[in-house]
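Student: Have a look at this one.
The values are calculated or read from the model by the stated rules, or taken from the named source; none is laboratory data. Computed from a predicted model, the values in this text were never measured in an experiment. Virtual Cβ from ideal backbone geometry, glycine too; neighbours counted across all protein chains shown. These area figures cover heavy atoms from the full protein model, side chains too; ligands, DNA and RNA do not enter into them. Shrake-Rupley method; radii C 1.70, N 1.55, O 1.52, S 1.80 Å.
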Amino acid sequence: MTEFENYVKDLFGWNEEMKSFLQSENVQHGEGIWKSLDQFSKIIETVKDPTNQEEIINIQRKAEALHQEVEEYFSERQHLGSIWMKKTAVEAGKHKLPVLTYPYNGLEPYISEEIMKLHHDTHHRAYVEGLNKAELKLKDAREKNDFSLVKHWSRELAFHGSGHYLHTIFWNNMMPNGGGKPSGKLLKEINDYFGSFEAFQMHFTEAAKQVEGVGWALLVWSPRAHHLEILQSERHMLLTQWDTIPLLVLDVWEHAYYLQYKSNRQEYVKNWWNVVNWEDVEERFEKAMELKWNPF
């Protein structure tokens, strides 16, 4: 069974789970969400050629639209207090390579089909596999209370996790016949902060050109500063995972503890737990949960 066939199988299973859930909650069949799920079932059942790029793109777009509709439906019902649904999450070791929403040659002549196949199917797949392995190794460490290799697997988690998340953003940042300028609020933000779209484009171009070694150029939103910014990442694996929002942090640079604990970082970390402001952490978590991307 091909990767796309497995993807379609998973979509069909998810669709059936949603129907079962609606039945368990006694949601009337007259609700529009039922019609959408039934229509999607028919679309999935008509898939004939998993190598047909147009068919792949159509399925992907329909799935994205249905996921959004389901999210909005459940969100509204939760607001009314009439339904509850357990949110989906990616289990440790269960990350998947996302399916492209355009054919491999869709970005030509700017990015070749050969590059896209190698980049997506080989390089990104390696990140997914490495992330899954690291998560499972760390899960095993927790279960066995054996953290002798936590430094190694934490580095692997950061390296492969960052590679997976960044590439997932990257694929969706591109499309056939793209280019031009943004519009609406994004264009206004760009003009307000950078002065003009042209100034932004020049800044981003130079940042990308001047990254030392391997790395990325990134346009980011700063929730703290409330403005856009352009960043460089020379090595994405530096113990972070992009596209995440920090909830709880601890400074373990020596300047944070040396005058009191000298070289005894272990004691500092142990005592630090006594001053954690969990109300603040909970507030950050609730706000972070308002932002949701499709899980991969």
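Student: Can V128 be described as more than 21 Å from the chain's Cα centre (by Cα), under 28 Å from M237 (Cβ atoms), open to solvent by less than 80 Å² (accessible area, probe 1.4 Å) and at pLDDT 95 or above?
Tutor: In short, no.
Student: Next question, about the same structure. Looking at (1) at pLDDT 95 or above; (2) under 30 Å from S20 (Cβ atoms), which is the only condition K133 fails?
Tutor: (2)
Student: Another one. Identify all residues within the stretch 251-272 that are at pLDDT 85 or above, in a loop (DSSP other than H, G, I, E, B) and open to solvent by less than 60 Å² (accessible area, probe 1.4 Å); write none if there are none.
Tutor: Y257
Student: Which pairs turn up if I take residues in the stretch 169-181 that are touching a residue at least 24 places away in the same chain (Cβ under 8 Å) and look for partners that are small (G, A, S) and surrounded by 11 or more Cβ atoms within 10 Å (Cβ to Cβ) with beta carbon separation below 6 Å, at least 6 apart in sequence or on another chain?
Tutor: Partner pairs satisfying both residue conditions: P176/G106.
Student: Look through the stretch 150-179, keep the residues that are open to solvent by 70 Å² or more (accessible area, probe 1.4 Å) and over 24 Å from Q241 (Cα atoms), and return whichever of them is nearest to the chain's Cα centre (by Cα).
Tutor: Step by step, filter the stretch 150-179, then rank; the result is M175.
Student: Further question: Select from the stretch 209-242 the residues that are free of Cβ contacts under 8 Å to residues at least 12 places away in the same chain and closer than 19 Å to T168 by Cα and write down the one among them that is most open to solvent (accessible area, probe 1.4 Å).
Tutor: If we take residues in the stretch 209-242 being free of Cβ contacts under 8 Å to residues at least 12 places away in the same chain and closer than 19 Å to T168 by Cα, then W221 is most open to solvent (accessible area, probe 1.4 Å).
Student: Taking N58, is it open to solvent by 60 Å² or more (accessible area, probe 1.4 Å), modelled with pLDDT under 70 and of a type outside the set (D, E)?
Tutor: no
Student: Restricting attention to the stretch 112-125, which residues are over 19 Å from S162 (Cα atoms) and without any contact (Cβ under 8 Å) to a residue 12 or more places away in the chain?
Tutor: S112, E113, E114, I115
Student: Return the only residue of S75, S82, S36 being among the small types (G, A, S) and modelled with pLDDT of 70 or more.
Tutor: None of the other options fit; the residue is S36.
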